[in-house]
Amino acid sequence: MKNMIFLGPPGSGKGTQAVKLAEKIGVIHLSTGDLLRTAVKEGTDLGKQAKEYMEKGELVPDHLLIGLIETKVTNGYLSNGFILDGFPRTVPQAESLKKMFVKNNMNMDSAILLQVSDEEVVRRLSGRWFCPTCQRTYNHPSNMPKNEGVCDDDGAKLQRRPDDEESVVRNRLEVYKKQTQPIEEFYRNESILIEVTGEQAPTAVFEDLLKVVNK
Ligand code: AP5
């Protein structure tokens, strides 16, 4: 299994697990959240259009994301296996991805859903810190850096994501339920949805994911 989508609410551990799994099985990890944050930081056209949606915890319009992913599909970036993290996030995005794959002779092996409760999401995201240089993520209190406030790898000062403020997190959860959860049904109907419990230690989640991909 080497073509996968990671689904799950904000803070369910998609990024944490996708980075490790992609490295372990030798596929590309493509996070639309990371691409958009880079675009915002660099002040590109995409970044300027995405910024206000992201700050409020709303979804960036479908056509922008679909165009972004279509480029990666058609230029062969995903040809040797991938984990898509954060895309698709709406039914129109899932339908467009399916069409792109048919057109480019590609297939999707599985859509892996990480299940985590709302309260666990709020708890995790209010403790999330990240390194602006290498993007490594930390969590208070479960995964702290050796020296408070600085990255273990490069010594950069850790930061918080603006959309991790509690009121924005609660809106992201609502948006997830209304706009993203319907794609669980989309992939269930395609018979490729696999559910994994995300509310356990990161190492236990990783072991479960390895079992899924090695099946
Ligand atoms: P995005 O960056 O994709 O945010 P998200 O889906 O809300 O996911 P997060 O990155 O917050 O969480 P995660 O599940 O990756 O968890 P993580 O591993 O980091 O998107 C941001 C925004 O961009 C969206 O709101 C939207 O505006 C826009 N966007 C992106 N894609 C889009 C699209 N396709 N269409 C439209 N708009 C789009 O873990 C979270 C924390 O928990 C970390 O601190 C981590 O250390 C900790 N943690 C992880 N696993 C565990 C564990 N097992 N136990 C305890 N703590 C854990």
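Among residues of the stretch 43-58 that are more than 8 Å from the ligand (Cβ to nearest atom), those with a Cβ under 6 angstrom from a residue that is open to solvent by less than 40 Å² (accessible area, probe 1.4 Å), sequence gap 6+ or separate chain, pair up as LEU46/ALA39; GLY47/ALA39. In the stretch 98-131, which residues are surrounded by 12 or more Cβ atoms within 10 Å (Cβ to Cβ), under 23 Å from VAL168 (Cα atoms) and more than 10 Å from the ligand (Cβ to nearest atom)? Across the stretch 98-131, the qualifying residues are LEU113, GLN115, SER117, ASP118, VAL122, CYS131. Checking each residue in the stretch 1-21 for being under 20 Å from ASN139 (Cβ atoms) and away from the ligand (no atom under 11 Å from the Cβ) picks out only LEU21.
Taking the criterion of being exposed (fewer than 13 other Cβ atoms within 10 Å of the Cβ), under 23 Å from ASN107 (Cα atoms) and among the basic types (Lys, Arg), the residues of the stretch 168-215 that qualify are LYS211, LYS215.
Would the stretch 138-145 turn up any residue that is near the ligand (Cβ under 8 Å from one of its atoms), farther than 25 Å from LYS72 by Cβ, in contact with a Leu (Cβ under 6 Å, 6 or more places away or on another chain) and open to solvent by less than 50 Å² (accessible area, probe 1.4 Å)? No.
Within the stretch 39-77, the residues that satisfy the criterion of being open to solvent by 70 Å² or more (accessible area, probe 1.4 Å) and closer than 20 Å to GLN135 by Cα are LYS41, GLU42, LYS51, GLU55.
Here MET100, MET108 are screened, and the one residue that is out of contact with any helix residue (DSSP H, G or I) (no Cβ under 6 Å at 6 or more places or on another chain) and modelled with pLDDT of 95 or more is MET108. Here GLY155 qualifies as modelled with pLDDT of 95 or more, outside any helix (DSSP H, G or I), exposed (fewer than 15 other Cβ atoms within 10 Å of the Cβ) and of a type outside the set (Val, Ile, Thr). For the residues LEU78, LEU68, the requirement of being in contact with a Leu (Cβ under 9 Å, 6 or more places away or on another chain) and more than 13 Å from the ligand (Cβ to nearest atom) singles out LEU78.
The values are calculated or read from the model by the stated rules, or taken from the named source; none is laboratory data. Everything numeric here is computed off the predicted structure, so don't read it as measured data. A quick note on method: Cβ atoms are made from the backbone with ideal geometry, for glycine too, and the neighbour counts reach across all protein chains shown. Note: accessible area is taken over every heavy atom of the protein model, side chains too, but ligands, DNA and RNA are not part of it. Shrake-Rupley method; radii C 1.70, N 1.55, O 1.52, S 1.80 Å.
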